[in-house]
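The values are calculated or read from the model by the stated rules, or taken from the named source; none is laboratory data. Every value quoted in this text rests on a predicted model; they were computed, and no experiment measured them. Don't worry about glycine lacking a Cβ; one is built from the backbone with ideal geometry, like all the others, and counts go over all protein chains shown. The area values use the complete protein model at the heavy-atom level, side chains included, leaving out ligands, DNA and RNA. Shrake-Rupley method; radii C 1.70, N 1.55, O 1.52, S 1.80 Å.
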Amino acid sequence: MSTANTTPLVEGTAEGPVQVRTGPSGPRARNAGAYLVYVAGKLGGAAVSLFAVLVTSFFLFRILPGDPVRTMTQGRQVSAEQLAALRAQFGLDLPVWQQFTDYCGKALTGDLGTSYQFHAPVSDLIIEKLPATLLLTGVAVVIYSTLGLWLGTRSAWRHGGLGDKVSTGVALTLWSVPSFWLGLLLIITFSVGIGPIPGMFPTGGMESGDETGFAYVADVAHHLVLPVLTLVAVGYAQTLLVMRSSLLDEMGSDYLTTARAKGLRDDAVRRRHAVPNALLPTVTMVFINLGHVAAGSILVETVFSWPGLGGLFYQALSVPDLPLVQGLFVVFAGAMIVMNLLADLLYPLLDPRVGR
């Protein structure tokens, strides 16, 4: 006997009561309502997190040592009146609470301020550098997420074997290697060259600057190899280990035994039943990695002189360029919050038990 999907509304007539269908009810309506409450809660949490990011980005970088005005005028003969005029120009002479309210009000309208050292709107600088970061980290995230999921699944399904031991050992080793150290090692090996072996790849940058068309694409791809290899070597290890651990937790479940008892082949059991149920923790990691696509990698971009947001953030910290570091921090943290929110909204579609 099926569950009713509509709520009857009884109206009296001369011939007797009549049922009028008005809308969904029963488990389907309850599930939709629970999902809406779940979504509202996640959106509220994301909004609170974004506000916390604004507060943190404002106060965190103001505890850094150094005076931005004195740093920008270092090596020049500047009078006290000129220093005071610069502080007034940048709003540094205002009370902290007023600086904070002005900053929040402008940030909500998309105005992240003007860079001290570049004398340009922070939002324009971010938009200018964003494509290079998206290219570098986007390619790396796609490669190491795919590689980590595939190797993690195979390693867990054949745990204890030689392949599992080798892949896990390599992953643990690479995960513990600092990305900047690995990048420098790759530069020494494949860019500078060792002994009679010449370097095969550029030491840094995104392009040589004198190519067009297909030659330009090939030149950018040539510059991409080492920084992408650095990010992939460090990034895939974490994805592999999390996927392996999640799948191992599912290996002894009764539903897998039932699936095998029904005659399903081992590959079908893994693909249709075990892997989908082991994906939730890995989905979180994949979306967090997608958040890193916007954030980039400060160390890797700095080591390879990649003209992206990571290198821009390093330049801003050296002053410190408060509007620029604040704006970049908001973009980096905001990307992580948005990606985490999307992962939370995807959970109920992967596992109906979530959000009930």
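Details
- Between residue 114 and 122, the built amide H atoms are under 5 Å apart, and every one of these is 5 or more places off in sequence or on another chain.
- Among 263, 299, 283 - extreme Cα towards positive end, dipole of segment 199-306, charges at beta-carbon: 263
- Charged-residue dipole, Cβ positions (Lys, Arg, Asp, Glu), segment 199-327 about Cα centre, Debye nearest 20: 840 debye
- Rounded to whole numbers, the Karplus 3J(HN,Hα) couplings from phi for segment 317-322 are 5, 5, 7, x, 8, 4 Hz, using 6.51 cos²θ - 1.76 cosθ + 1.60 with θ = phi - 60°, and x at Gly and Pro.
- Annotation: peptides 136-143, 279-286, ranked by per-residue average of other Cβ atoms within 10 Å with the highest first, follow the order 136-143, 279-286.
- Sparse-neighbour loop sites [trypsin sites (Lys or Arg not before Pro); segment 234-293; at most 12 other C-beta within 10 Å; DSSP]: 262, 265
- Considering all C-alpha pairs of segment 147-288, those separated by over 28 Å amount to 39%.
- Computing FRET efficiency as 1/(1 + (r/R0)^6) for residue 120 and residue 143, where r is the C-beta to C-beta distance and R0 is 45 Å, gives about 0.85.
- Residue separation of residue 305 and residue 346 scaled by 0.36 nm, minus their Cα-Cα distance, works out to 11.1 nm of gained length.
- The phi-based Karplus calculation (6.51 cos²θ - 1.76 cosθ + 1.60; θ = phi - 60°) puts the 3J(HN,Hα) values of segment 277-284 at 6, 8, 7, 4, x, 6, 4, 4 Hz, whole numbers, x for Gly and Pro.
- Rg over Rh, two decimals, segment 132-216 (C-alpha only, Kirkwood Rh): 1.09
- Here segment 207-354 is treated as an ellipsoid with the same Cα gyration tensor; its semi-axes, largest first and in whole Å, are 40, 21, 13.
- Area of residue 338 that stays accessible when all protein chains are in place (1.4 Å probe, Å², to 10): 70 Å²
- The packing ranking, built from the mean of other Cβ atoms within 10 Å per residue, places the peptides 152-164, 303-315 in the order 303-315, 152-164, highest first.
- Residue 217 versus residue 191: modelled label distance in nm, points set 7 Å from Cα along the beta carbon direction: 2.5 nm
- The GluC sites (Glu not before Pro) of segment 198-284 that DSSP puts in a loop, and whose beta carbon has at most 15 other beta carbons within 10 Å, are 207, 211.
- Per-residue 3J(HN,Hα) values for segment 183-191, derived from phi via the Karplus relation 6.51 cos²θ - 1.76 cosθ + 1.60 with θ = phi - 60°, read x, 4, 5, 5, 4, 4, 7, 10, 10 Hz in sequence order (x marks Gly and Pro).
- Per-pair calculated FRET efficiency, R0 = 30 Å: residue 159 and residue 225 via Cβ, rounded to 0.05: 0.35
- With N counted as the residues of segment 269-344, its alpha-carbon radius of gyration over 2.2 N^0.38 Å works out to 1.45.
- Along the axis of the charge dipole computed for segment 131-260 (Cβ charges of +1 for Lys and Arg, -1 for Asp and Glu, origin at the Cα centre), the listed residues 224, 159, 180 are led at the positive end by 159.
- Net length gained if the chain between residue 56 and residue 37 were fully extended (0.36 nm per residue, minus Cα distance): 4.0 nm
- All C-alpha pair distances within segment 82-199, sorted into 5 Å bins from zero, spread as 2, 8, 9, 11, 11, 10, 10, 9, 9, 8, 7, 4, 2, 1, 0 percent across the bins.
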